[in-house]
Amino acid sequence: MRSLKFFCFLPVLLMALAGEAYAAKSLKPQRVKSYAALKRMLSQRQTGSSLVYSAIAQQITAGSQDAASLASEAVSSGSNVAHFETNVQVAGVDEGDGVKTDGDYIYQIADGRVRLVKAHSAQALAQVAELVFDDGFYPAELYVEGARLAVLGNAWQGWEEPAPTVKSGTASTAQPLKSLLWMPPSGSNLATAKIYDISDKANPRLEREVALEGDLLSSRKIGDSIYFVSRNYPRYYLYLPMLGRQGRRKALNSQDNLIPHVSDTAVKGGDQRVMPISKLYYFPDFVEPDYVVVAGFQLSQPALPADVKAYYGSGDLVYASHDNLYLSAADYTTTNANGAEISNPSTRIYKFALQDGKTSFLRQGEVPGTVLNQFSMDENGGFFRIATTHDSWSWDGTTSQNTSWSNIYVLDSAMQRVGELEQLAPDERIYAARFIGDRCYLVTFKQVDPLFVIDLAAPDAPKVLGELKIPGFSTYLHPYDADHIIGFGQSTDDSGGFTATDGLKLALFDVSDVGNPRLEHSLTIGDRGTYSPLLYDHKALWFDKERQLLGFPVEVAEIPADADSGAWGMPVFEGAYVYRLTPEEGFVQKAAITHQTQTDFGQWDYRSYIERLLTIDDQLYTVSQSRIQSQNLSDFKQTGFVQWEADAPEVPVDDLPVIDPLSAQ
């Protein structure tokens, strides 16, 4: 009975805690005063469960890592030929991607290299140069600005010092940690930016390199300034909790183990060094002992040192406007109340000013709940808006309970909460969010897909204007025009007594009457098993509002007529679909483009999976690892292509051993 009374009271308790414990804060980071102070601070921090994952992930990825505006608008920067940029969240704030174009050339990450391909005109598609990396660097993102190409990614750096040791039982001799089941990493990633002078496209020249210890978290380019963020744990934490007291003390006595390493060819010839204490900060209430390194530099100033600062405290997602960068950090700290363990996750938001390749910390705020992705954050008119899912749980030793709802918060320039809209869609989670001007469009889901239209014109009084409930859900929302929103997601099927995902769903919502949003057109592609990277990567969308065309990569699956209930479909097509979209006619398919040479799924080449679509002049280019192909936008007939064969294996295929699967059992 005691547990029952407690859990009947629990939702009220959680709401109270949410309202009191997560009041917005303005805690500026403190400068680390000395190395001794840093040692004392870190010695008091305990690592969480994410540490083991981070360490193992580094081992796994070390040798195998490969690689918004109302619409992406036609531009002519760097070229007199109209072309389309990467689909980004904020117009004028570029986001790194694996494919870029300047209107004359296409730059592509493929097979761990970067290709420079002459693309205009389409009939003369040809590779003119290739960047090959032999220093353990794996490219992930590209930017192009005039005569400079920026290649960002992670470089693996092995550590020269031997692995720490621990004592085994009562034996006096120590054994390396490598002999244990859990092996510490033998090195770390360096988030690296390589800048090339491409004024001579056939002979790119490495002009600059900046490296930050840690994994590349995110980046942005504003004008000719690049900002990027890395995240990592201090080295010695990767060996905990296996080090004993003496080993812990010894690790704390090494600056190499505690302070991030950076290098910049504009400083001392690019020699790697630990950051100076004057560039180290910490958030007074940070929980995890990891750090983020925030760096900025100007492409046009290769001799000017990058602005680099490190902050001890977590970081998860990045949103950037023209003037500010916001870094979110989820806090899953648990509390105890009335004998029960309660988790009320919150999100801290760190605000940095951006100007001419330099960053400066401004303010910190905090809100209840956690953030889905970058589209859950936005800045408008000096206010920061954020959508969160408040997902709480509790455990009293015998019974657990979960409650969830969605929230919208508005923070002022000082990161103080001035407006809030809480407890939307109880027991559901946010699946998509999009802020546009004075509105927020929010999709939550459990069994149906509520689309909320939220008014933010009065920052201190956000309110729901309208709501639409339909089957399925959207994971990405894209503006079509002032009165319409496009939703990309999945249809659902609950005929089996539970809700299961089905085919890929496209939807056009009419929001001209904000009090009564309606589904104007929808289309379902394929059956269960149909997939598009657009579901979780907005950069996979090509949208040309002027031509009323959109396209995206897709793998279509269909369920045979005689299949059992609940069966998954078999892939029948891989490539890209192109649609004409108008409010009058809805989605009208115009093309299905593939790079596969075989129709049988079992013979498809993974390198031929189309990853991106882009336009230059009147040509549509489809890009895969094995091929770049051009099509007329008028009839989508092929006009040109350039092909790459896969690298030959180090061991000839004929010499590889043949394994009998039966004898191997």
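The values are calculated or read from the model by the stated rules, or taken from the named source; none is laboratory data. Please read all numbers here as calculations on a predicted model, not as lab measurements. FYI the Cβ positions are ideal-geometry reconstructions off the backbone, even for glycines, and counts take in every protein chain you see. Heavy atoms of the whole protein, side chains included, go into the accessibility calculation; ligands, DNA and RNA do not. Shrake-Rupley method; radii C 1.70, N 1.55, O 1.52, S 1.80 Å.
Considering the range 79-106, the residues that are polar (S, T, N, Q) and surrounded by 19 or more Cβ atoms within 10 Å (Cβ to Cβ) include one that is farthest from F228 (Cα to Cα), namely T101. Of the strands (runs of 3 or more DSSP E) lying entirely inside the range 361-418, the ones with 1 or more residues being open to solvent by less than 50 Å² (accessible area, probe 1.4 Å) and among the β-branched types (V, I, T) are found at 383-395, 400-411. Screening D483 with (1) open to solvent by 20 Å² or more (accessible area, probe 1.4 Å); (2) in contact with a Pro (Cβ under 7 Å, 6 or more places away or on another chain) gives one miss only, at (2). Report yes if T524 is within 23 Å of V588 (Cβ to Cβ), modelled with pLDDT of 95 or more and open to solvent by 50 Å² or more (accessible area, probe 1.4 Å), otherwise no. Yes; evaluated as a whole, the condition is true for this residue. Of the residues examined, P284 is not one that is modelled with pLDDT of 85 or more, open to solvent by 10 Å² or more (accessible area, probe 1.4 Å) and either of a type outside the set (S, T, N, Q) or more than 24 Å from I195 (Cα to Cα) (or both).
List pairs: first in the range 319-343 and open to solvent by less than 70 Å² (accessible area, probe 1.4 Å) and in a loop (DSSP other than H, G, I, E, B), second modelled with pLDDT under 95 and aromatic (F, W, Y), Cβ under 9 Å, 6+ apart or cross-chain? As it stands, the answer is G339/F6, since those pairs meet every condition given.
When you scan the range 253-272, do you find a residue that is under 30 Å from G382 (Cα atoms), polar (S, T, N, Q), modelled with pLDDT of 85 or more and not in a strand (DSSP E or B), even just one? No, there is no match, as no residue in the range 253-272 is under 30 Å from G382 (Cα atoms), polar (S, T, N, Q), modelled with pLDDT of 85 or more and not in a strand (DSSP E or B).
Set side by side, the residues L421, L465, L442 differ, and just one is modelled with pLDDT of 95 or more, part of a strand (DSSP E or B), surrounded by fewer than 22 Cβ atoms within 10 Å (Cβ to Cβ) and within 27 Å of the chain's Cα centre (by Cα), which is L421.
Kindly indicate whether T389 is closer than 26 Å to Y311 by Cβ and of a type in the set (V, I, T). Talk me through it step by step, then tell me what you get.
Working: closer than 26 Å to Y311 by Cβ: yes; of a type in the set (V, I, T): yes.
When the stated conditions are applied, T389 passes them.
When V511, V578, V623, V556 are checked against the criterion of being at pLDDT 95 or above, open to solvent by less than 10 Å² (accessible area, probe 1.4 Å) and over 25 Å from D635 (Cα atoms), V511 stands alone in meeting it. Is it true that some residue in the range 487-498 is more than 23 Å from the chain's Cα centre (by Cα), at pLDDT 95 or above and open to solvent by 20 Å² or more (accessible area, probe 1.4 Å)? Looking through the range 487-498, none of the residues is more than 23 Å from the chain's Cα centre (by Cα), at pLDDT 95 or above and open to solvent by 20 Å² or more (accessible area, probe 1.4 Å).
A residue that is of a type in the set (S, T, Y) and over 18 Å from N87 (Cα atoms) occurs nowhere in the range 475-487.
So which residues in the range 445-462 are closer than 21 Å to S512 by Cβ and in a strand (DSSP E or B)? Matches in the range 445-462: D449, P450, L451, F452, V453, I454, D455. Which of the residues belonging to the range 273-315 are among the acidic types (D, E) and part of a loop (DSSP other than H, G, I, E, B)? Hits for the range 273-315 are D285, E288, D290.
Conditions tested, residue by residue: (1) at pLDDT below 95; (2) among the basic types (K, R); (3) within 18 Å of the chain's Cα centre (by Cα); (4) closer than 24 Å to P284 by Cα.
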| position | (1), (2), (3), (4) |
| --- | --- |
| D307 | no, no, no, yes |
| A310 | yes, no, no, yes |
| S321 | no, no, yes, no |
| A330 | yes, no, yes, yes |
| N336 | yes, no, no, yes |
| N344 | yes, no, no, yes |
| L354 | no, no, no, yes |
| T359 | no, no, no, yes |
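Within the option set Q123, Q108, being out of contact with any His (no Cβ under 8 Å at 6 or more places or on another chain), part of a helix (DSSP H, G or I) and not β-branched (V, I, T) holds for one residue only, Q123.
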